[in-house]
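A.B. asks: Please read through the structure below; I'll follow up with questions.
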Amino acid sequence: MKAKLVHVIIGGALWGAVVLVPWNPNRGIGTIEKLYLLGPLVVVPLGLQLAGVVSPWLLLIAAAAVTISFLVPTGMIAGMLVVPWLMLCIGIAVGGLWRFRTRIAPSTQHLGEICRIVAMIGLVVGGVGLLQSRWGMEPLGFREPLVLLVAVHFHFAAFVTPIMAG
């Protein structure tokens with residue numbers, strides 16, 4: 001069990017360092033960003049362990065790139081730094097859909113598994129919201145911090161709630 005949590009402890013230490021450093025809010029790391037980073041660094045890896053999805057070191061590397069994306073100005077470089085996280089989210093969602101097809105499709109008696117699959121799919125929307133935020137996009141005319149709050153919502157409410165319900 002301890003070996004499975006090493007990446008979560010490292011992610012938690014990285015998150016703690018980001019939170020404790022007195023960043024200039026104009027630099028890109030304010031309260032919303034600090035709270036968001038708890039998701040990729042700690043909450044999502046723990047939730048994926050509960051769901052039985054294991055790729056801890058890839059998660060940690062992609063989450064570290066997301067953290068670095070908040071240290072550079074919004075734009076193409078920041079957007080490219082979050083692409084690995086988005087690709088990982090897409091991979092997790094595809095894996096969830098595959099689990100649905102192979103394990104659940106013949107029967108509907110696995111509500112816990114369905115909840116875990118819904119959580120995995122929700123991560124994709126959070127990853128897209130993060131990409132839009134770091135790239136500086138204004139989808140449907142919405143600006144920051146609302147674009148980043150989409151990522152926050154889908155990394156916490158839309159991921160954690162179904163995992164816990166399952």
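The values are calculated or read from the model by the stated rules, or taken from the named source; none is laboratory data. Just so it is clear, the structure is predicted and the values come from calculations on it, not from any experiment. Here the Cβ positions follow ideal geometry from the backbone for every residue, glycine too, while neighbour counts run over all protein chains shown. For accessibility, only protein heavy atoms count, side chains too; no ligands or nucleic acids. Shrake-Rupley method; radii C 1.70, N 1.55, O 1.52, S 1.80 Å.
A.B. asks: Run the 1.4 Å probe and let me know the accessible area of Glu144, rounded to the nearest 10 Å².
C.D. replies: Its accessible surface works out to 90 Å², give or take rounding.
A.B. asks: With only Lys, Arg, Asp and Glu charged, each at its Cβ (+1 for the first two, -1 for the last two), find how big the charge dipole of region 35-154 is about the Cα centre; round to the nearest 20 debye. Intermediate values should be presented prior to the final figure.
C.D. replies: On the way: 6 positive and 3 negative charges, 56 e Å.
Here region 35-154 has a charge dipole of around 260 debye.
A.B. asks: A follow-up question, please. Convert each backbone phi in region 120-128 into a coupling constant with the Karplus relation 6.51 cos²θ - 1.76 cosθ + 1.60 (shift: θ = phi - 60°), then list the ³J(HN,Hα) values in order as whole Hz, x for Gly and Pro.
C.D. replies: Values, residue by residue: 5, 5, x, 4, 5, 5, x, x, 5 Hz.
A.B. asks: In Å², what does the accessible area per residue of the chain work out to with a 1.4 Å probe? Write down the numbers at each step before the final one.
C.D. replies: Working: 8810 Å² over 166 residues.
So the chain comes to 53 Å² accessible per residue, rounded to a whole number.
A.B. asks: Restricting things to alpha carbons, find the Rg to Rh ratio for region 60-166 using the Kirkwood radius for Rh. Before the final figure, lay out each step's value.
C.D. replies: Numbers: Rg = 15.2 Å, Rh = 14.4 Å.
That ratio equals 1.05.
A.B. asks: Please list the non-local residues whose amide H lies under 5 Å from the amide H of Gly136, H modeled 1.01 Å from N, same-chain partners needing a gap of 5 or more.
C.D. replies: Gly75
A.B. asks: Related question: Quick one: net charge of Leu149's neighbours, Cβ under 15 Å, K/R +1, D/E -1?
C.D. replies: Values: positive: Lys34, Arg134, Arg143; negative: Glu33, Glu138, Glu144.
Once all neighbours under 15 Å are counted, the net charge is 0.
A.B. asks: As I understand it, the dipole of the chain uses +1 on the Cβ of Lys and Arg and -1 on the Cβ of Asp and Glu, about the Cα centre. Which of Ala158, Pro56, Pro73 lies farthest toward its positive end?
C.D. replies: Going by the charge dipole, the pick is Pro56.
A.B. asks: Follow-up. What distance in nm separates the two pseudo spin-label positions at Ser55 and Met80, each 7 Å out from Cα along the beta-carbon direction?
C.D. replies: 2.2
A.B. asks: How many nm is it between the label spots at His110 and Ile68, if each spot is 7 Å from the Cα in line with the beta carbon?
C.D. replies: With each label placed 7 Å out from Cα toward Cβ, I get 3.8 nm.
A.B. asks: Leaving ligands, DNA and RNA out of it, report the carbon-plus-sulfur percent of the accessible area of the chain at a 1.4 Å probe.
C.D. replies: Numbers: 6480 of 8810 Å².
Here it works out to 74 percent.
A.B. asks: Work from the charge dipole of the chain (Cβ charges, +1 for Lys and Arg, -1 for Asp and Glu, about the Cα centre) and give the residue of Leu35, Leu97, Val147 farthest towards its positive end.
C.D. replies: Result: Leu97, furthest along the dipole toward the positive end.
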